[in-house]
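Structure first, commentary second.
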Amino acid sequence: MRFPPQTKLLSLLLSFIIICNLVRYETKGSCNQKDKQILLCFKHGLTDPSHILSSWSDKEDCCEWRGVLCDINGRVINLSLRCITYGDNKTHCLSGEFHLSLFELEFLNYLDLSNHDFKAIHSPLDCQNMSLVNPLHRSGNFSNVVYLDLSYNENLVVDDLRWLLRLSSSLEYLNLNSLNLHKQTQWFQILTMLPSLSELYMSNCLLENASPSVLRANFTSLENIDLSYNDFFSEMPIWLFNLSRLSYLDLGNNRFYGQIPETLSNLRNLHGLYLGGNKLNGTIPNGLGQLAWLSNLDLSMNLLTSVIPTTLWNLSSLLSLDLSSNNLTGVVSDRNFAKHSKLRELGLGSPSIVFDFESHWMPPFKLQRLDLQYADVKLLPWLYTQESLTTLKIEYSFFKNVSQDMFWSLANNCAYLYLTNNNMTWDISNVLLNSNNVVLDGNGLSGDLPKLTANVRVFRISGNNLSGSLSSLLCQNMKEKNNLKYLDVSNNYLSGELTECWKNWKSLVHVDLRRNNLTGMIPPSMGTLSNLLSPHIYNNKLHGEIPVSLKSLPKLVIVNLGRNKISGNISNWIGHDIKVLQLRSNEFSGDIPLQICQLSSLMVLDLASNRLTGTIPHCLHNITAMISNNTLERDEFKIIINLPSIGFLYSIEVPLLAKGIDLNYYKYMRVIDFSNNHLSGRIPLEVFSLTALQSLNLSQNQLIGNIPEEIGNMKALESLDFSNNTLSGEIPQTMSSLSFLEVLNLSFNNFQGQIPLGTQLQGFSNLSYIGNPQLCGTPLIEKCNNNEAPGGGDTKLMENEEEESEVMQWFYMGMGVGFATSFWIVFGTLLFKRTWRHAYFNFLYDVKDWFMSRWF
């Protein structure tokens, strides 16, 4: 039998691979003992809750350990331990301290420890004595690492980057995305000492200084640089535009201002340029048209003005162009796109741009993503030709007399559909939506809720004019199992009861029904939503008690049932991982349950305006999230929705009455609000150990007792309200050290004495202290008996005055005693010595005779 040549060639190739593997297996050496000891030393400083490193045993060959790759001599060359997560839950990932001793693996060239939960980087460990050694003074070399990825260790605060200099000769790839580098003022100077560096990723690192005035940087090999999502506030750095090898530049979502420099045209090798989300102004430079290789250009969300330069339309290599959300002017016509057959993503639109497209125009491109602003119906004919669209985003546009059937047919072919803040006063009662991600906020849509297919994962239709009940959506008959994870129908005019059809939507993670006219009770069927993290049902007209079935919702993280008429006791249905609990403005009664103290992750506890009685629990200090602030400034209340092939992060707003006003918070806040209840007794001392608390409101209760000195430990306090209670005693001096305090209300209590001096407490108005008849001092009109009161920086002066007062008291007492003693010495002598007495009276007679003879 004759075999075709291709079969012979394939047989030879397979034989070669088998032989190579056999040779590799036979020649592979066992793990080097020094390398094994270094790896065990690294493991020693880690917490491993899910036993990722369970195979790392002293009895096993380290070349067989998970994530470890060795060369034929048994030397470790590759360590890959990236943590795979779903959502933002990292409880199964490695945590603890990352010791630099790993870099003593002499042959290591690839290290990936991304997406874990490391807290700090420490000097290498002396693995014999388990003691720290300064990496800058330690003898010997670090390994020749080429690839280093520590990204997405969000809690990793890096105090010093100088250890990177030990890797300077070899490092080519460095990824530090989402590390906390806010202390790194010299990051730029350090990284310029890495001559081999070709790829640098430092997105979302809280960096503030980009060294904008430096003319040149020693980044001779740099090709890719990502500095997006930091806090740079300056003009664009000059040194960037002298990096001739640069291929990818991302400075998006910072605060760069000023004009885009003409020197941008120096970057002739640039393929990707991302400057969106800054404060850049002026015109788009003509030099951009000289970047012939440019395939991705994003200038969106800036303050750019003037006409789009004609040279920009000459960039025939463009795959993606986004100029949306600027103040550009002029006309954009079909002729501008004659050379853009490769274009796949387009973002256009400003209030002053006019679209002029021929009705019969057939675009040369097949777009996959389109972002339009301020568009009108004239764009629809060519829009309907884009059958390859996967993402369609239209904002601030006007659609009238449009065929809804044609429009929704196009929209349903897109996986991601975003129509927000448009004039689309359509009745969508009979619309069937099919996109994975549907966002229809603020369009003026009316009628009942539309129907959804099983493809829809995210559905947002907030801020419209929808009426009817939830049943039209939730009780529809679906042939397939639905996959909806995110539901937001807030800020509409929905009415009726919460349906019992929740059992059909068990995949839901987030439910937002706020600000409607929903009535009735919370149905027991909501207890079947076992994946629910974030229910928001506040500002409706619900009543009755919370059903016991909600005990079966162990994953709850953010719960807001406020501004309803829900009654009964606050039961122990709340999951242990909850971060936000808001039950304000309801009719809950009874005591505050002690189970709340077991919620160690709780950040917001809002039970205000209910009918709660009893005392404040003494165990609140067990809520550790209110004691230690391990979070970062960027941390937000958020959930992650995983869609096919992509994950979407959604920030969840938390409405709070803090600092005296209603505000919506996205970033982490730590708040306790028990105001407007019937709580009694003293404020437990344990409350004042919550040192990370930012807002504390206990007003309008029946609390008694003093404010203890320990309140001075609450350094993070920004808002404090103890008004309308029966608190007494003096205001403690330690309150003057609360330097972040912006709102203070101690009015209508029984405080007495002087308000402590110091700019902090005197800076508030008299409204913060009124209604305390025995309280005096600035800023009140009532002055104290002593002009000076103890406080602030006057403590030493007060002590000096007290010392002087004591000295004067002794002085006057001494004068009295001295006068009495002198008097009795003289008088006693005259009384008992006759000759002195006669001489004294003779002297008095002589004085009298002289006086009478002189004046009379």
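Structure summary
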quantity	calculated
Out of LEU599, LEU594, LEU663, sole residue that is buried (at least 16 other Cβ atoms within 10 Å of the Cβ), at pLDDT below 95 and of a type in the set (A, V, I, L, M, F, W, C)	LEU599
Filter result for the condition that a residue is farther than 24 Å from ASN560 by Cβ and either open to solvent by 30 Å² or more (accessible area, probe 1.4 Å) or modelled with pLDDT under 90 (or both), over SER651, SER645	SER645
Per-region count, the stretch 371-426, residues within 38 Å of the chain's Cα centre (by Cα), outside any loop (DSSP other than H, G, I, E, B) and among the polar types (S, T, N, Q)	4
Residue in the stretch 236-246 that is open to solvent by 10 Å² or more (accessible area, probe 1.4 Å), in contact with an Asp or Glu (Cβ under 9 Å, 6 or more places away or on another chain) and closer than 19 Å to SER265 by Cα present	yes
Of all residues in the stretch 235-266 being of a type in the set (S, T, N, Q) and at pLDDT below 95, the one that is farthest from GLY282 (Cα to Cα)	SER244
Residues that are open to solvent by less than 10 Å² (accessible area, probe 1.4 Å) and on the phi > 0 side of the Ramachandran plot, drawn from the stretch 270-323	none
Conditions (1) under 29 Å from ARG369 (Cα atoms); (2) open to solvent by less than 10 Å² (accessible area, probe 1.4 Å); (3) touching a Ser or Thr at 6+ places or on another chain (Cβ under 6 Å); (4) modelled with pLDDT of 95 or more; number of the one not met by ASN464	(3)
Cβ-Cβ under 6 Å pairs, at least 6 apart or on other chains, the stretch 768-781 side closer than 10 Å to GLN752 by Cα and touching a residue at least 24 places away in the same chain (Cβ under 8 Å), far side of a type outside the set (Val, Ile, Thr) and crowded, with 19+ Cβ neighbours inside 10 Å	ASN772/ASN749; ASN772/PHE751; LEU775/PHE751; LEU775/TYR769
Test: PHE355 is at pLDDT below 90, part of a strand (DSSP E or B) and surrounded by 15 or more Cβ atoms within 10 Å (Cβ to Cβ)	yes
Unique match (being of a type outside the set (Ser, Thr, Tyr), more than 29 Å from LEU379 (Cβ to Cβ) and over 28 Å from the mean Cα position of the chain (by Cα)) among GLY287, GLY282	GLY287
The stretch 497-514 residues that are surrounded by 16 or more Cβ atoms within 10 Å (Cβ to Cβ), paired with ones that are among the aromatic types (Phe, Trp, Tyr) (beta carbon under 6 Å, 6 or more apart)	HIS510/TYR486; ARG514/TYR538
Filter result (hydrophobic (A, V, I, L, M, F, W, C) and closer than 15 Å to LEU717 by Cα) within the stretch 677-695	VAL687, PHE688, LEU690, ALA692, LEU693
Residue satisfying all of: in the stretch 669-718; open to solvent by 40 Å² or more (accessible area, probe 1.4 Å) and either within 26 Å of the chain's Cα centre (by Cα) or among the aliphatic types (A, V, I, L, M) (or both); farthest from SER600 (Cα to Cα) among these	ILE704
Any hit, the stretch 209-230, residues being over 26 Å from SER325 (Cβ atoms), modelled with pLDDT under 95, open to solvent by 30 Å² or more (accessible area, probe 1.4 Å) and assigned to a helix (DSSP H, G or I)	no
Subset of the stretch 725-762 [open to solvent by 60 Å² or more (accessible area, probe 1.4 Å) and under 30 Å from the mean Cα position of the chain (by Cα)]	SER739, PHE740, GLU742
ARG66, sole failed condition from (1) part of a loop (DSSP other than H, G, I, E, B); (2) open to solvent by less than 70 Å² (accessible area, probe 1.4 Å); (3) modelled with pLDDT of 90 or more	(2)
Residue in the stretch 623-632 that is at pLDDT 80 or above, open to solvent by 30 Å² or more (accessible area, probe 1.4 Å) and not acidic (Asp, Glu) present	yes
Of all residues in the stretch 157-195 being part of a loop (DSSP other than H, G, I, E, B), open to solvent by 20 Å² or more (accessible area, probe 1.4 Å) and among the β-branched types (Val, Ile, Thr), the one that is farthest from ASN230 (Cα to Cα)	THR192
Qualifying residues in the stretch 657-668 (those that are touching a residue at least 60 places away in the same chain (Cβ under 8 Å) and over 18 Å from the mean Cα position of the chain (by Cα)) - the one nearest to GLU718 (Cα to Cα)	LYS659
Scan of the stretch 470-488 for residues that are part of a loop (DSSP other than H, G, I, E, B), touching an Asp or Glu at 6+ places or on another chain (Cβ under 9 Å) and surrounded by 18 or more Cβ atoms within 10 Å (Cβ to Cβ), ordered by number	LEU470
Enumeration of residues in the stretch 443-461 that are farther than 14 Å from ASP488 by Cα and either touching a residue at least 60 places away in the same chain (Cβ under 8 Å) or open to solvent by less than 40 Å² (accessible area, probe 1.4 Å) (or both)	ASN443, GLY444, LEU445, SER446, GLY447, THR453, ALA454
Of residues in the stretch 456-469 being assigned to a loop (DSSP other than H, G, I, E, B) and β-branched (Val, Ile, Thr), the one farthest from SER446 (Cα to Cα)	VAL456
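Rundown of residues vs (1) touching a strand residue (DSSP E or B) at 6+ places or on another chain (Cβ under 9 Å); (2) within 29 Å of LYS506 (Cα to Cα); (3) without any contact (Cβ under 8 Å) to a residue 60 or more places away in the chain; (4) charged (D, E, K, R), yes/no style:
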| position | (1), (2), (3), (4) |
| --- | --- |
| SER409 | no, yes, yes, no |
| ASN423 | yes, no, yes, no |
| VAL438 | yes, yes, yes, no |
| ASP441 | yes, yes, yes, yes |
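The values are calculated or read from the model by the stated rules, or taken from the named source; none is laboratory data. Because the structure is predicted, anything quoted here is derived from the model rather than measured. Ideal geometry is used to build each Cβ from the backbone, glycine not excepted, and the neighbour counts take in all protein chains shown. Side chains included, ligands, DNA and RNA excluded: accessible areas come from the protein's heavy atoms. Shrake-Rupley method; radii C 1.70, N 1.55, O 1.52, S 1.80 Å.
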